[in-house]
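The values are calculated or read from the model by the stated rules, or taken from the named source; none is laboratory data. Nothing here was measured: the structure is a model prediction, and the numbers come from that model. Heads up, the Cβs are rebuilt from the backbone with ideal geometry, glycines too, and the neighbour counts pull from every protein chain shown.
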Amino acid sequence: GQQVMQIPQYQHVQEGEDFTTYCNSSTTLSNIQWYKQRPGGHPVFLIQLVKSGEVKKQKRLTFQFGEAKKNSSLHITATQTTDVGTYFCATTGNQFYFGTGTSLTVIP
Amino acid sequence: KAGVTQTPRYLIKTRGQQVTLSCSPISGHRSVSWYQQTPGQGLQFLFEYFSETQRNKGNFPGRFSGRQFSNSRSEMNVSTLELGDSALYLCASSPAGPNEQYFGPGTRLTVT
């Protein structure tokens with residue numbers, strides 16, 4: 001089945017630094033979704049991308065879907081302590097596939 | 001609208017027992033999916049129900065089963081519990097799936 005690999009697994013950044021997590025697949029994806037899970041919380045939907053080369057922005061967050069629809073990235077500009085959590089990419093096929101997640105720690 | 005609710009929030013069971021978890025989706029959402037989350041395996045898809053029918057299924061043994069009622073509420077059952085079933089079980093709903101999913105707070109199951 002489809003698998004989405006996510007890197008890095010962990011990332012520690014100083015507050016104010018940028019952060020990027022990558023999601024990669026060996027097969028073409030029909031869509032990519034991004035979720036954020038705060039420590040002790042549940043995943044919260046952030047965005048869905050469906051078009052090749054699509055770029056969407058939400059304030060300091062920029063989401064990209066690769067031209068070949070095999071990879072995606074989430075970039076956070078000037079991280080804040082409120083950005084702490086695990087970021088997951090996910091895609092749908094005959095079931096939902098979640099990436100392994102990137103755990104972000106922001107050091108004040 | 002009220003969010004997705006799950007009951008109970010915490011549960012402790014003994015090996016060999018069975019357990020039933022409940023999920024109430026957001027009003028109007030007809031798709032309900034279940035996930036198992038563990039530190040080692042991450043978020044793994046169990047199954048999805050839509051209009052009382054199981055539409056998709058993940059790679060879990062038959063001990064894991066579910067159902068959906070006419071009001072879209074869903075239950076998940078795990079029989080003959082094993083220590084490895086200890087996990088956070090998350091329910092998510094969406095209007096029609098597969099689309100953006102709205103997760104509930106989860107049920108933390110501990111098997112001793």
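General observations
- Restricting the search to strands (runs of 3 or more DSSP E) fully inside region B:13-61 and requiring at least 3 residues that are farther than 14 Å from B:Arg73 by Cα gives B:31-38, B:42-50, B:53-57.
- Considering residues of region A:97-108 that are surrounded by 20 or more Cβ atoms within 10 Å (Cβ to Cβ) and either of a type in the set (Asp, Glu) or away from every other protein chain (no Cβ under 14 Å) (or both) only, the residue farthest from B:Tyr102 (Cα to Cα): A:Val106
- Looking across region A:70-96 at every residue that is more than 18 Å from A:Val44 (Cβ to Cβ) and over 11 Å from the mean Cα position of the chain (by Cα), the one that is farthest from the other protein chains (Cβ to nearest Cβ) is identified as A:Ala78.
- Criterion: free of Cβ contacts under 8 Å to residues at least 24 places away in the same chain and within 26 Å of B:Gln36 (Cα to Cα) - qualifying residue of A:Leu49, A:Leu29, A:Leu61: A:Leu49
- When region A:40-74 is filtered for residues that are within 18 Å of B:Ala92 (Cα to Cα) and surrounded by fewer than 13 Cβ atoms within 10 Å (Cβ to Cβ), only A:Gly40 remains.
Rundown of residues vs (1) over 20 Å from A:Tyr35 (Cα atoms); (2) within 14 Å of the chain's Cα centre (by Cα), yes/no style:
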site	(1), (2)
B:Val4	no, yes
B:Gly16	yes, no
B:Leu21	yes, yes
B:Thr38	no, yes
B:Gln68	yes, yes
B:Ser72	yes, yes
B:Leu90	no, yes
B:Glu100	no, no
B:Phe103	no, yes
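- Count of residues meeting criterion [closer than 16 Å to B:Phe45 by Cα and modelled with pLDDT under 95] in region B:63-92: 0
- For region B:61-112, a residue qualifies if it is among the aliphatic types (A, V, I, L, M) and within 11 Å of chain A (Cβ to nearest Cβ), and the qualifying residues are B:Leu88, B:Leu90, B:Ala92.
- Among the candidates B:Gln6, B:Gln44, residue that is within 12 Å of chain A (Cβ to nearest Cβ), at pLDDT below 95 and surrounded by 14 or more Cβ atoms within 10 Å (Cβ to Cβ): B:Gln44
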